[in-house]
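Heads up, the thing below is written out as structure tokens.
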Amino acid sequence: MLSDEQRQAAADSLLTAEQTRITVPQLSKTYPAMQIEDAYDVQRRWAAGRLAKGAKIVGRKIGLTSRAMQMASKMTEPDYGVILDDALFKDGARIPAGTFIKPRLETELAFVMGEDLQGGGCQMHDVMRATEFVTPALEIIDYRTEVPRQIVDTIADNAAFGAIVMGGRIFRPFDIDVRWVGATLAKNGVIEESGVSAAIMGHPAAGIAWLVNKLAPLGDGLKKGDIVLGGSFTRPVDIASGDVIFADYGPLGSIGVSFE
């Protein structure tokens, strides 16, 4: 376990990396005693630093929802972070690539909560009932520390969140079978990845139920209006200045963005 001073120093180093666009050494190397509890506290302190500068939390993201990614990270469950309002982009956006250090992009679904959802014992049907609508989304992931990373590095670094792009059709959660949303992800006209949303723990709402249960002991939960990214169902694709991205969700529409 780390001391309060070490946790704050770790959070400050991530804030500096974000500002300078220069990665810092892995926190797991700087603080070998760091545990998962420390990492989430570092994340909270990092978020507090961003809020102090005017950002607002508008939702949550869930990562490591696939078994393959969990095994690669030596983790047996997903992780989570926060979504900030200054990291929201719309379909058609021209995004400055220099905002990030080494960005990569994933296809996801965003759930927008229609009511508060809090407390232990949350199930997928609770998530579906509390969700107002679902929409296609892209997550830009980014690392503020060097690689390779241990799970505590990823958690402390806000679960690698960089930004979110929302677009396509808005639909109610029971209007379609959200397990079978398919998407292709193209970069500069070439399809790089494809997948189906059932790859997210068998159902996109499963990760959100997991998150609600994880937040319950902290006295926290999801709020009405929160945007929740349920996890990626494609592998991440590297992006750089000049790239044009097109994600096709079939009948649910598409998202197109460019990086400059």
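Any read-out appearing in this document is the output of simple, stated calculations on the displayed coordinates, not a laboratory observation. Note that the structure is predicted; figures quoted are calculated from it, not measured. Neighbour counts run over all protein chains shown; Cβ positions are idealised from the backbone, glycine included.
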Exercise. Sort 187, 56 so the one with the fewest other Cβ atoms within 10 Å of its own Cβ comes first.
Key: 56, 187
Quiz item: On average, how much area does the Cα convex hull of the range 193-249 cover when viewed from any direction, in nm²?
Solution: 5.8
Quiz prompt | Candidates 148, 25, 204, ranked by Gaussian network fluctuation over the chain, Cα under 10 Å, top entry | solution = 148
Self-check item: Other-chain or far-sequence residues with amide H under 5 Å of residue 192's (modelled H)
Solution: 185, 186, 187
Self-check item: Alpha-carbon radius of gyration plus Dmax, which is the widest Cα pair, for the chain in Å
Solution: 17.3, 51
Quiz item: Counting other Cβ atoms within 10 Å of each Cβ, which chymotrypsin sites (Phe, Trp or Tyr not before Pro) in the range 144-175 have at most 13 and sit in a DSSP loop?
Solution: 174
Exercise. When a/c is below 1.5 the answer is rounded, else prolate if a/b is larger than b/c, else oblate, so apply that to the range 109-164 with a ≥ b ≥ c taken from the square roots of the Cα gyration tensor eigenvalues.
Key: oblate
Quiz prompt | Highest-fluctuation residue, 156, 216, 33 considered, GNM on the chain with Cα pairs under 10 Å | solution = 33
